[in-house]
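Below: one structure, written as structure tokens.
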Amino acid sequence: MSGDLGPTSAAPHPREIEPGSGVRIVVEYCEPCGFESTYLELASAVKEQYPGIEIESRLGGTGAFEIEINGQLVFSKLENGGFPYEKDLIEAIRRASNGEPLEKITNSRPPCVIL
């Protein structure tokens, strides 16, 4: 015997919950409008903060970029005219994962910059 203890695993303990687990996000966006890249950037930032989160995308109508968290609309480009700031969405996800009430995100960045 060489004293080998066998393979070790770096997997989380079965009772550990990944941040964002139990939170479901649906992003509906207008593909012909070119909003897919905005969705992918946002989804990547969210997954980085909350690896256990479930994010689903759906194709929406003209000009749409709508975000639901656990079935509740929290952001609407059709209402606000721009896109959400990542920090505002991350905060809404934090609230949802802690079971706190969600509020609509009303801050938005402009959809484009004219130089």
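The values are calculated or read from the model by the stated rules, or taken from the named source; none is laboratory data. Note that the structure is a prediction, hence the values are computed from the model and not measured. Here Cβ is always computed from backbone atoms with ideal geometry, including for glycine, and neighbour counts include all displayed protein chains. For the accessible areas, the whole protein counts, side chains as well, though only heavy atoms, and no ligand, DNA or RNA atoms are used. Shrake-Rupley method; radii C 1.70, N 1.55, O 1.52, S 1.80 Å.
Observations on the model:
- Label point distance in nm, residue 72-residue 49, each placed 7 Å from Cα along Cα→Cβ: 1.6 nm
- Filtered GluC sites (Glu not before Pro), the stretch 20-115: DSSP coil and at most 15 other beta carbons within 10 Å: 103
- Between residue 62 and residue 109, the modelled labels are 2.7 nm apart [label points 7 Å from Cα along Cα→Cβ].
- Rolling a 1.4 Å probe over the protein heavy atoms gives the stretch 18-115 an accessible area of 56 Å² per residue.
- Taking a straight line from the alpha carbon of residue 77, these aspartates and glutamates sit under 15 Å away, with near neighbours fewer than eight places off in the same chain left out: 28, 31, 36, 66, 68, 86, 88.
- Carbon/sulfur fraction of accessible area - the stretch 36-80, other protein chains in place, 1.4 Å, %: 43 percent
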